[in-house]
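Contents: one structure, followed by commentary.
The values are calculated or read from the model by the stated rules, or taken from the named source; none is laboratory data. Keep in mind that this is a model prediction, so the values were computed, not measured. Methodologically, a virtual Cβ is constructed for each residue, glycine included, from the backbone with ideal geometry; neighbour enumeration extends over all protein chains shown.
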Amino acid sequence: AAVNERGQAFSVGTALTFVAMLCAILLASRALDQWFGAAGVVAAAAVAGFVDTHSAAISVATLVGAGKLTAGKSALPILLALTSNTATKVLLGATSGGFAFACRVIPGLVLVILAAWAGWAIRPA
């Protein structure tokens, strides 16, 4: 007998979790911006990146759009969020997929983040 399985385009629970995470990061970024200025935004983005790079980047972009952060200063917090997220991926790759998996995945992750930092380091002033 054929089994008729319906797939889902997305998970409502996952979408709601992402929205809640984004809201929390936006609130935290705004509060840290008020209390500590740009240094607070950088710290919030770096910490948020351990969980999700996208919400940290959206938070920084929202501050740029509101005129609270200049576009030129937005690259560092986003890059720090990407770096902390890469650290999470390296840890998960090393612990969940076995040695062979880690040997295939981790070098690519490291090369991507090194390339991103190199691009930031050689950017025009």
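A few notes on this one:
- Among residues of region 107-120 that are closer than 15 Å to V90 by Cβ, those with a beta-carbon under 9 Å from a residue that is basic (K, R) and part of a helix (DSSP H, G or I) at least six positions away or on a different chain give the pairs L109/K89.
- Checking each residue in region 14-45 for being β-branched (V, I, T) and under 19 Å from A66 (Cβ atoms) picks out I25, V41, V42.
- The one condition from (1) more than 22 Å from V51 (Cβ to Cβ); (2) at pLDDT below 95; (3) not acidic (D, E) that L111 does not meet is (2).
- Selected residue (criterion: surrounded by the most Cβ atoms within 10 Å (Cβ to Cβ)) from residues of region 82-123 that are in a loop (DSSP other than H, G, I, E, B) and not aliphatic (A, V, I, L, M): G97
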